[in-house]
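Here the structure comes first, spelled out in structure tokens, and everything after it is commentary.
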Amino acid sequence: MSKARLVRIYLMEAGDHLHALLEKLRSQETLRGVTVFIGDSGKLHAASLVDLSLELPVVVEFFDTPQRVEQILAHLADDLPAGHVISWDVELND
């Protein structure tokens with residue numbers, strides 16, 4: 001089994017952080033895998049579906065070697081709100 005680190009970043013779809021993060025991950029960082037999950041806020045709104053979609057929580061998940069993840073998180077530190085990033089060590093099947 002290979003060692004890796006998995007990272008989850010919790011944001012809101014409407015914030016500036018999401019677009020900037022995805023652009024940075026796409027254009028500046030080389031990762032082994034990135035996934036974006038869009039959740040449900042648990043709130044009912046009378047607004048249109050377009051307005052509702054802008055308030056949904058989003059999880060950006062990626063993984064790579066522990067060393068590479070440390071480098072990437074250091075590059076992203078100034079762009080992410082405090083307390084919105086979690087990570088843990090995982091094993092990849094070979």
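The values are calculated or read from the model by the stated rules, or taken from the named source; none is laboratory data. Just so we're clear, the structure is a prediction, and the values are computed from it rather than from any experiment. Heads up, the Cβs are rebuilt from the backbone with ideal geometry, glycines too, and the neighbour counts pull from every protein chain shown. The protein model used for the area step is the full one, side chains on, heavy atoms only, and it has no ligands, DNA or RNA in it. Shrake-Rupley method; radii C 1.70, N 1.55, O 1.52, S 1.80 Å.
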### Query
Roughly speaking, to the nearest percent, how much of the chain's 1.4 Å accessible area is carbon and sulfur?
55
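Solvent-accessible area per residue for the chain at a 1.4 Å probe radius, Å²?
66
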### Task
Just add up the charged neighbours of R5: K/R +1, D/E -1, any other residue whose Cβ is under 10 Å from the Cβ of R5.
-1
### Task
Provide the net charge surrounding L73, with neighbours chosen by a C-beta distance below 13 Å and charges set as Lys +1, Arg +1, Asp -1, Glu -1.
-1
#### Entry: Debye-sum result for the chain in log10 I(q)/I(0), which assumes one identical scatterer on each alpha carbon, at q = 0.13, 0.20, 0.22 Å⁻¹
-0.49, -0.96, -1.11
